[in-house]
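Engineer: Below is the structure I would like to discuss, written out as structure tokens.
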Amino acid sequence: MFPDLVDFHCHLDLYPDLATAIKACDSRRTATLAVTTTPLAFTHNRKLADGSTFVRVALGLHPQLVGEREHELDLFRQLLPETRYVGEVGLDAGPRYYRSFEAQVRVFKTVLELCAAAGDKVLTVHSVRASKQVLDLIETILPSTRGKVVLHWFTGSLADVRRGLDLGCYFSVNEAMLRSPRGCRLLAEIPRDRILTETDGPFVERDGESIGPGDVRPVLETIASLRDLDRNELRAQIIRNLTVLLS
Ligand code: MN
């Protein structure tokens with residue numbers, strides 16, 4: 001069955017009920033990448049998403065959790081053959097996580113090496129205050145012939161965006177990102193065939209409440225109006241982008 005929408009980065013297992021969140025994505029016909037933050041969460045997510053038409057589960061080790069969970073890298077290694085999708089992974093050099101930055105680099109390097117060795121993985125990557133380091137590691141370890149990278153909620157410079165594009169990366173854009181002029185300028189730099197949509201639910205809020213799983217219509221509307229595109233044309237473009245990314 002063909003999806004109507006794409007949510008390429010959503011924490012379905014951080015909503016109150018995972019099964020309900022999966023159903024919401026299926027009933028919205030949203031092709032959803034359910035990211036996980038720790039390898040321990042993967043199997044449960046995978047089991048519940050088993051009968052889903054539109055939800056796929058990614059194996060992750062979130063940079064903000066690496067400080068306490070670096071040892072789960074072994075489990076990550078074991079589980080990697082079970083999925084094509086990897087995330088949430090990456091680097092976070094924000095003040096709260098800077099202490100674990102060296103460990104984060106070790107983990108992210110290993111993740112990229114494992115993906116490069118396996119081939120054909122699709123990654124959703126976090127890069128808070130670490131765009132340059134993330135791009136450096138992707139460039140040296142995971143060329144686009146060995147794996148595909150989607151930069152999620154990217155906040156780097158315009159030059160970083162261009163560099164990501166040169167490396168073959170896609171960008172998944174959420175509605176919180178487009179509430180800032182800076183996010184809008186960044187979007188303007190991305191060609192339409194490299195854009196995906198995401199919710200980053202439940203972290204992203206709308207009117208004080210968590211955005212729903214797979215609820216990407218508002219971000220789609222905003223992108224369409226910023227780019228002066230017809231909404232349905234953009235919707236079709238994003239489905240096409242997903243198809244190309246996964247082909
Ligand atoms: Mn996230």
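Engineer: If you take the beta carbon distance between residue 20 and residue 132 as r and set R0 to 41 Å, what does 1/(1 + (r/R0)^6) give as a FRET efficiency, to the nearest 0.05?
Structural biologist: After rounding, the FRET efficiency stands at 0.55.
Engineer: Using the number of other C-beta atoms within 10 angstrom as an exposure proxy, rank 4, 228, 17 with the fewest first.
Structural biologist: The fewest-first ordering by Cβ neighbours comes to 228, 17, 4.
Engineer: If one computes the Cα centroid of region 153-229 and of region 6-22, what distance in Å separates the two points?
Structural biologist: Between the Cα centres of region 153-229 and region 6-22 lies a distance of 19 Å.
Engineer: As a footprinting exposure proxy, order 122, 244, 105 by other Cβ within 10 Å, with the fewest listed first.
Structural biologist: Listing 122, 244, 105 from fewest to most nearby Cβ atoms yields 244, 105, 122.
Engineer: Determine which lysines satisfy two conditions relative to residue 148: a Cα distance under 26 Å, and not lying fewer than 8 residues away in the same chain.
Structural biologist: 47, 109, 121, 132
Engineer: Helix by helix through the chain, keep the DSSP H runs that span 20 Å or more along the axis on Cα and average at least 0.0 on Kyte-Doolittle, and give those back in order.
Structural biologist: 101-118, 231-246
Engineer: Fewest first, what order do 1, 177 take by the number of other Cβ atoms within 10 Å?
Structural biologist: Going from sparsest to densest Cβ surroundings: 1, 177.
Engineer: Separate question: Points 7 angstrom from Cα along the Cβ direction at residue 47 and residue 209: gap in nanometres?
Structural biologist: Here the answer is 3.1 nm between the modelled labels.
Engineer: Relative to a virtual label point 7 Å from the Cα of residue 227 in the Cα→beta-carbon direction, which members of region 14-47 show backbone nitrogen distances below 20 Å?
Structural biologist: Only 30-33 pass the distance filter.
Engineer: Just add up the charged neighbours of residue 73: K/R +1, D/E -1, any other residue whose Cβ is under 15 Å from the Cβ of residue 73.
Structural biologist: That sum, taken over residues with Cβ under 15 Å, equals -3.
Engineer: Describe numerically, in nm with one decimal, the distance between label points set 7 Å from Cα along Cα→Cβ at residue 4 and at residue 120.
Structural biologist: Using points 7 Å along Cα→Cβ, the separation is 3.2 nm.
Read the figures in this text as sums done on the coordinates, not as results from a lab. Just so it is clear, the structure is predicted and the values come from calculations on it, not from any experiment. In this analysis, Cβ positions are derived from the backbone assuming ideal geometry, glycine residues included, and neighbour counts consider all displayed protein chains.
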